[in-house]
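The values are calculated or read from the model by the stated rules, or taken from the named source; none is laboratory data. It should be emphasised that the depicted structure is a prediction, and the values quoted were computed from it without experimental measurement. Because the Cβ atoms are built from the backbone with ideal geometry, glycine has one as well, and the counts that use them run over all protein chains shown. To get the accessible areas, we keep the full protein, side chains included, count just its heavy atoms, and leave off ligands, DNA and RNA. Shrake-Rupley method; radii C 1.70, N 1.55, O 1.52, S 1.80 Å.
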Amino acid sequence: MRLVTYSDAQGVQHAGAFIDQDTAILSLQAAQRELHGATSPSLSSVLSLIEAGDEAMAHARSLVERAPRVAVLLRHQVHLHAPIQPPPQMRDCSCFELHLRQSFAAARKIRALQTPDPEATLAAMSTKADERVIATFNRQPIYYKCNRFAVIGPDDDVVWPSFSKALDFELEFGCYIGRKTKDVAKADARKHIVGYTIFNDISARDAQALEMSGMLGPAKSKDFDTANVMGPCLVTTDELEDPYNLTMIARVNGEEWGRGSTSTMRWTFEDVIEHISRSETLYPGEFLGSGTVGNGCGLEQLRNLKANDVVELEVQGLGILRTRITRPQRVTAPA
């Protein structure tokens, strides 16, 4: 299934599923009423459906297979949110070594360009700190916890944070936990994943450059309203033959800025789940991001976003997550 969360004209949120090549949405609760004469608590939200377990998911799948037309809405008739908004918890991991290496190199070049002799400055720069990060990355999965309340969906705009002049996107995908679990072995971790979605980790690069020397990971650079864009849908695991062989493409205003593949992940989600679940319970609906794929952000090309840019992140089998970047409107004081 390709599960979605949408709101109707009255602003009420509903659980649904994409049908007809993602051009229409089946309201799961409306389909339940039409086919079975009553509503079901498990269909009240995508999170409720996941929490209800395998039997509820199988029932939802049967509704999608029958898809009564009275319960179908066209995609443009609704406001699409993130599949789970907000998720119970979210962590963003670092799974792509190429992104780290290229981002470190780009950051050094940016600093060098601010000096009188950029070439000499760049040649003299030490890479020891960067290599320590890479060594840690290769030793174990690393991650940070995100602001789950900053999650938005495909039909919401990113609002440029007031403290930043250098905004960037990050092309990621991620998985949702499907059942309560703890101390999971890698070999058993796949069955604890319910599905996947696309993740755009909006980042304020100037704030990030200042705070990372504090050695606590990203903070305000990724912690502001509308920073976490997710969607367009939650694609259940049975829809993807191999989640680690998917092409990933980033476009800005229709121009391709970069592409990569999930096949280049140093750590799989199974690795990450094994690591995170040690002595820690994971709950249904929690989200784990992959980190940025190599070539998957503007920093790696020494490019930044501008107001009114439209970012399109495409992941094979998951769809396209399209987002507009806006500046907050200034309020003019009365004369």
Carbon plus sulfur fraction of accessible area for the range 238-335, probe 1.4 Å, in percent
44 percent
Give the calculated FRET efficiency between GLN89 and SER126 to the nearest 0.05, with a Förster radius of 51 Å applied to their Cβ-Cβ distance.
0.90
Nearest 5 is fine: what % of DSSP beta bridges in the chain come out antiparallel, could you say?
90 percent
Could you pull the Rg and Dmax for the range 1-134, using just the Cα atoms, both in Å?
24.1, 75
If you wrap a convex hull around the C-alpha atoms of the range 113-187 and split its volume per residue, what is the figure in Å³?
207 Å³
Below 8 Å between Cα atoms, with a sequence gap of 6+, how large is the relative contact order for the range 102-244 in percent?
26 percent
Over the Cα atoms of the range 77-215, what is the Rg over Rh ratio if Rh follows Kirkwood?
1.03
Normalised by the number of residues in the chain, what is the relative contact order in percent for Cα pairs under 8 Å and 6+ residues apart?
23 percent
Roughly how big is the chain's charge dipole about its Cα centre, with Cβ charges of +1 (Lys, Arg) and -1 (Asp, Glu), in debye to the nearest 20?
600 debye
What order do you get for 196-205, 182-191, 111-120 when each peptide is scored by the mean count of other beta carbon atoms within 10 Å, highest first?
196-205, 182-191, 111-120
Taking the chain on its own, what percent of its Cα-Cα pair distances exceed 25 Å?
52 percent
Rank by packing, highest mean first: peptides 79-90, 314-325, 140-151, with packing defined as the count of other Cβ atoms within 10 Å averaged across residues.
79-90, 314-325, 140-151
Give me the Kirkwood hydrodynamic radius of the range 193-335, using the inverse of the mean 1/r over all pairs of distinct Cα atoms, in Å to one decimal.
17.1 Å
Binned at 5 Å from 0, what are the whole-percent values of the Cα-Cα distance distribution for the range 8-82, short to long?
3, 17, 29, 27, 18, 5, 0
Computed, not fitted: 222 nm per-residue ellipticity of the chain from DSSP H runs ≥ 4 (each -39500 (n - 2.57)), nearest 500, equal to -7000 deg cm²/dmol
Ordering of 254-263, 269-278 by packing [mean C-beta count within 10 Å, highest first]:
269-278, 254-263
Protein accessible area in the range 1-124, 1.4 Å probe - carbon and sulfur %:
52 percent
Solvent-accessible area per residue for the range 232-335 (1.4 angstrom probe, square angstrom):
46 Å²
Between GLN13 and ALA105, what is the label-to-label distance in nm when each label sits 7 Å out along the Cα-to-Cβ direction?
4.2 nm
Pairs of lysines in the range 89-213 (C-alpha under 22 Å apart; 8 or more residues apart or interchain):
7
Mind checking the alpha-carbon convex hull of the range 139-222 and giving the volume per residue in Å³?
143 Å³
